[in-house]
Amino acid sequence: MILVSQRAALRRRVLSHFKPLRPFSCSHPSSAGSGSNKREELNFNPEIYFDDAPNPKHVNYKRVTSNGLEASKHPPRRVKMLVRDYIEDSLYNPHYGYFSKRATIVTSPKHLDFTKLRNSAEFQEEVAKRYVLYGKDEPGPGKQLWHTPTEIFQPWYGQSIARCITTEYLLKYFPYEDFIIYEIGAGNGTLALNILDYIRDNHPHVYERTKYNIVEISSSLAKLQERKLKDHPCVTITNKSIFHWDQREDYPCMFIAMEVIDNFAHDMIRYDMRTLEPYQGLVSVDENGDYSTYFTKVTDPLISSFLQLRKRLFHPPPLPRLIKASAAFRSFYSNLPFSPNLSAPEFIPTRMLGLLQTLRQYFPRHRLLLSDFSSLPDAIPGINAPVVQTRYQNTTVPTSTLFVQPGYFDIFFPTDFERLRDMYEHILSQPDPSAVDSSAPRVLPLSNSASSLSMGHDFFSSYHPRNRRAKVEGVASASGLPVGERESSVFTHAEFLQTYADLSRTTLKNGENPMLEYYQNVKFLF
């Protein structure tokens, strides 16, 4: 256990290995107009400008995106970008990104025999031994190691996922449709291996119809997955970002995203406390590699789409009730001495919205299984803020700022699963002009029936259960009838595993079950 004072000392030593960032500063629009030079300063944060006319040299920098930086071999300078592009470049740039060059998922060829472990203390000792196998860190930033429940509890964790999606397939699509699975961010390939081994050994008739597709942004992980899954000829690995996906899958499929969306880039916005107008955050990098941020009116289409969707779903912005309700109170509050004219930073899941739009457009008949963190300790200041951390001398150390040297720090966010479910269901309910495509190949077992599907879903009944999505005309189920899919639900980590896992395999001698009791800050959407 690390004491608070020890952690603070470690944090200072970590920051000393990197170029110090400029002090935090925020110039208020009201004070800027009057010529005031009032500043607020905190250590280890970049300059932040909020002004109608920010520093001219920052304004004149070239605007870049993470996609445009993929060919860069070094972190850029004299540029500016949205916060989500900065995060995405820091994590995924092919030449210096955290996941591309430094992150390693802790694994072991030998599975733990949980039934022989006495208690959770002995279980933790076994997990620690896996980290020891990677050796001690040299001076400076250490090996970036992290683990997942898939790796720690293999193969039983992966088998619970397999049991879930196979049951869904057998109930709804077998034997009329192939078992098509997509997984994004497959890591070491362990989850795919556990799923396919389970299907092959327990449902050979299903395995014959299985097609497993991995979409992996990391070229090194894609090669690792190829080696691990070489004995499963049904696997296809596509080395690209899911956000670059452009192939439509018209058949029913399972779409799996396990421990992935926490590393999806977010945008940073702040609200004018007088007008409640949102402002988008941009990051600029000067010629010395120092970071600054400033805020402008929202012009980015993805940020605008998210804010509009949140408004339609009646998800209020995270502002105090009195601030939202009373213009008079806002005016009074803004005129108080030292009152901030901007709200606290809020991090909004714009890349998550992009994934949902991709699912709607290219995977119209998918069933989503998604799992990740619902809350996180040690987050930086802000609303829905991420944890920014690195490993230093075999110890994980969180920092207090987002703007750190690209590639050396993990940046991961919590997810509000209830709001995510609302967003997901709303997006899937929107009309899709390409859904009724007569040229799309279909298998309709009842296509010779005298009852034409063209008569619409009301031919059978006008009743529509509340827990099902709206029926889609012209898109039939395996039985040939146009039925609505069941809406998604949110489950805790324990609830999901109690339904689908063989818990006897991970129960310790004293009756504890770490697969149930750990990861309590994780939820499932299914």
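The values are calculated or read from the model by the stated rules, or taken from the named source; none is laboratory data. All of these numbers come straight from a predicted model, not from anything done at the bench. For neighbour counting, all protein chains shown are included, and Cβ atoms are generated from backbone atoms with ideal geometry for every residue, glycine included. Please note that ligands, DNA and RNA were not included when accessible areas were found on the heavy atoms of the full protein model with its side chains. Shrake-Rupley method; radii C 1.70, N 1.55, O 1.52, S 1.80 Å.
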message = Please report the accessible area of TRP146 (heavy atoms, 1.4 Å probe, ligands and nucleic acids excluded) in Å², nearest 10.
response = 60 Å²
request  = Quick one: dipole size for the stretch 240-308, taken about the Cα centre, charges +1 on Lys/Arg Cβ and -1 on Asp/Glu Cβ, in debye to the nearest 20.
outcome  = 240 debye
message = Students often check this: by mean Cβ neighbours within 10 Å, which of 370-382, 398-410 ranks highest, and how do the rest follow?
response = 398-410, 370-382
key: Sequence-separation-based contact order of the stretch 216-348, relative, with Cα cut under 8 Å and 6+ spacing, percent   = 24 percent
Spatial extent of the stretch 191-349: Rg and Dmax, with the Cα atoms as the point set, Å = 23.7, 73
message = Need one word for the stretch 164-255: rounded, prolate or oblate. Basis is the Cα gyration tensor (sqrt eigenvalues a ≥ b ≥ c); a/c below 1.5 gives rounded, then a/b vs b/c decides.
response = oblate
request  = Please get the size of the charge dipole for the stretch 290-429, origin at its Cα centre, with Cβ charges of +1 on Lys and Arg and -1 on Asp and Glu, quoted in debye to the nearest 20.
outcome  = 560 debye
ask   = Taking every DSSP beta bridge that has both residues in the stretch 151-246, what percent is antiparallel when rounded to the nearest 5?
value = 0 percent
request  = Please state, to two decimals, what the Cα-based radius of gyration of the stretch 56-166 comes to when divided by 2.2 N^0.38 Å (N = residues).
outcome  = 1.54
Protection proxy ranking of 221-231, 81-91 - average other beta-carbon atoms within 10 Å, highest first = 81-91, 221-231
query = Sorted by average packing, counted as other Cβ atoms within 10 angstrom per residue and highest first, what order do 195-208, 151-164 take?
reply = 151-164, 195-208
ask   = Say the cut-off is 21 Å between C-alpha atoms; which of LYS116/LYS143; LYS129/LYS230; LYS101/LYS240; LYS110/LYS230; LYS297/LYS324 go over it?
value = LYS116/LYS143; LYS129/LYS230
query = Among rounded, prolate and oblate, which fits the stretch 290-421 when a ≥ b ≥ c are the square roots of the eigenvalues of its C-alpha gyration tensor, a/c under 1.5 means rounded, and a/b larger than b/c means prolate?
reply = oblate
ask   = Which order do LEU191, LEU313 take when ranked by solvent-accessible area (1.4 Å probe, heavy atoms of all protein chains), largest first?
value = LEU313, LEU191
key: D_trans [Stokes-Einstein, Kirkwood Rh over alpha-carbon pairs] for the stretch 260-335, 37 °C, 0.692 mPa s, µm² s⁻¹   = 225 µm²/s
ask   = Top to bottom by accessible area (1.4 Å), largest first, where do HIS426, HIS147, HIS366, HIS74 land?
value = HIS74, HIS147, HIS426, HIS366
request  = Note down the accessible area of ARG351, probe 1.4 Å, to the nearest 10 Å².
outcome  = 40 Å²
message = Leaving ligands and nucleic acids out of the surface, order GLU249, GLU125, GLU177 by accessible area at 1.4 Å, largest first.
response = GLU125, GLU249, GLU177
query = Relative contact order for the stretch 55-204 using alpha-carbon pairs under 8 Å, separation at least 6, rounded to a whole percent?
reply = 18 percent
message = To the nearest 20 Debye, how big is the dipole of the stretch 195-322 about its Cα centre, given +1 on the beta carbon of each Lys and Arg and -1 on that of each Asp and Glu?
response = 440 debye
ask   = Tell me, what HN-Hα J-couplings in whole Hz come from the Karplus equation 6.51 cos²θ - 1.76 cosθ + 1.60 at θ = phi - 60° for each residue of the stretch 383-393, using x for Gly and Pro?
value = 8, 6, 7, x, 8, 10, 8, 9, 9, 9, 6
inquiry  = Apply the a/c threshold of 1.5 to the C-alpha gyration tensor of the stretch 116-186 and tell me whether it is rounded, prolate or oblate.
reply    = oblate
ask   = If you add up the charges near GLU122, with Lys and Arg at +1 and Asp and Glu at -1, over every other residue whose beta carbon is less than 13 angstrom from its beta carbon, what do you get?
value = 0
